[in-house]
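Chemist: My structure is below; once you've seen it, I'll send some questions.
The values are calculated or read from the model by the stated rules, or taken from the named source; none is laboratory data. The structure displayed is predicted, hence computed values, not measured ones. Cβ placement follows ideal geometry from the backbone for every residue including glycine, while neighbour counts extend to all protein chains displayed. The protein model used for the area step is the full one, side chains on, heavy atoms only, and it has no ligands, DNA or RNA in it. Shrake-Rupley method; radii C 1.70, N 1.55, O 1.52, S 1.80 Å.
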Amino acid sequence: MSTRPRAAKPRQPAAVTRSTIFDAARELFGESGFDAVGIRAVAARAGVDAALVIRHFGSKERLFLETMTVDLPAVQVMEGPLDGMGRAIVEHVVCLPSTRTGALAVTALAALFRASDRDEVRRNLRSTIDEVFARPLVRRLTGGDAEVRAHLVAAQLGGLLTSMHVVQDPVLLAADPQAVVARYGDAIQRLISEGEGATAA
C-alpha cells in the first residue's frame, strides 16, 4: 500500500471561484429573495467554503446588490424618436419577459423590490429606474419643468414594471397588451410632449 501523500486538488483561479459564487447567488436570490438565502446556502450551491463568499464579496448585502443588477435593455427606445416614444417604451416594458435579458431583469427587479426595506437596496433600485428612464429624457426635453416631467415618466414606468412583473396584477396581465400600450403609452406621451414641447429626435 502506498504511503505517499495524496496530491492536493488543484486550486481553481480566483476569477473562476468568484464567477461560480456569483452565478450561484444570482440563482438563489432570484428564486427565493434576500431574506431566505444565507451565505452558507450560496457557498453550498457554488461548492465552496462560506469564507470564500465573504472574501470575494464582503457581505451578503453586497453580494445581493452585485448579483441582482437590473439590466433593462431600453437604451434604443430611450434614444429613439421622442414622437411616439410613450407607446414604444410602454410596449418595451410590457413585453420585457419575452427575451432572456428581459426575463433576468424582471427576476432581479422583483428581488430588489422585495428587499427594498433596506436603504442601500432602495437607493440602488431608485438609481436604476432614474438612470434607465429619467436621465435620458432630462437631456432631451425642453421647458422649465423638463426634469420634473422626465422623473414623472420614470415614476409611471417604474409603477408599470412593478404592477405587471413584480406583484403581477391579474387584471393587467389578462388585458389586451396593445390596449395597455395605447392607454398607458399615450398618458406618458403627454408628459414627454407637453409644455414647450420636446426637442426633435
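Chemist: How large is the helix-only mean residue ellipticity at 222 nm for the chain, computed as the sum of -39500 (n - 2.57) over DSSP H runs with n ≥ 4, divided by its residue count, in deg cm²/dmol to the nearest 500?
Modeler: Value at 222 nm, helices only, nearest 500: -19500 deg cm²/dmol.
Chemist: Once the Cα atoms of helix 85-94 and of the chain are each reduced to a long axis, what angle between those two axes, in degrees from 0 to 90 to the nearest 10, is obtained?
Modeler: 40
Chemist: On to the next question. Probe 1.4 Å, all protein chains in place: accessible area of residue 21 in Å², nearest 10?
Modeler: Around 0 Å² of this residue is reachable by solvent.
Chemist: If r is the Cβ-Cβ distance from residue 187 to residue 130 and R0 is 22 Å, what FRET efficiency results, to the nearest 0.05?
Modeler: Values: r = 20 Å, r/R0 = 0.89.
That gives a FRET efficiency of 0.65.
Chemist: Something else now. Using alpha-carbon positions, what is the distance between the centroids of the stretch 30-47 and the stretch 139-190, in Å?
Modeler: Each part's Cα centre sits 33 Å from the other's.
Chemist: Based on the alpha-carbon gyration tensor of the stretch 83-201 and its eigenvalue square roots a ≥ b ≥ c, which shape applies: rounded if a/c is under 1.5, prolate if not and a/b is larger than b/c, or oblate?
Modeler: Cα axes put the stretch 83-201 in the oblate bin.
Chemist: Moving on to the next point. How big is the charge dipole of the chain about its Cα centre, in debye rounded to the nearest 20, if each Lys and Arg gets +1 on its Cβ and each Asp and Glu gets -1 on its Cβ?
Modeler: Dipole magnitude for the chain comes out near 1300 debye.
Chemist: Here's another thing I want to ask about it. Using 0.36 nm per residue of separation minus the Cα-Cα distance, give me the extension gain between residue 44 and residue 71 in nm, one decimal.
Modeler: Numbers: separation 27, 0.36 × 27 = 9.72 nm, distance 2.68 nm.
So the extension gain works out to 7.0 nm.
Chemist: For residue 31 and residue 16, calculate 0.36 nm times their separation in residues minus their Cα-Cα distance, and state this gained length in nm to one decimal.
Modeler: The residue 31-residue 16 span can extend by a further 3.1 nm.
Chemist: Heavy-atom accessible area of residue 91 with all protein chains present, probe 1.4 Å, nearest 10 Å²?
Modeler: 80
Chemist: Using only the alpha-carbon atoms of the stretch 8-126 as identical scatterers, what base-10 log of I(q)/I(0) does the Debye formula give at q = 0.14, 0.15, 0.18 Å⁻¹?
Modeler: -0.66, -0.73, -0.93
Chemist: Mind giving me the nanometre distance, one decimal, between the label points for residue 55 and residue 179, set 7 Å out from Cα along Cα→Cβ?
Modeler: Placing both labels 7 Å along Cα→Cβ, they lie 5.8 nm apart.
Chemist: While we're looking at this one, here's another question. With a point put 7 Å past each Cα toward its Cβ, work out how far residue 118 is from residue 163 in nm, to one decimal.
Modeler: It is 2.9 nm.
Chemist: Oh, and also: May I ask for the angle, rounded to the nearest 10°, between helix 100-114 and the longest principal axis of the chain, with both axes built from Cα atoms and the value confined to 0 to 90°?
Modeler: Tilt relative to the chain: about 90 degrees.
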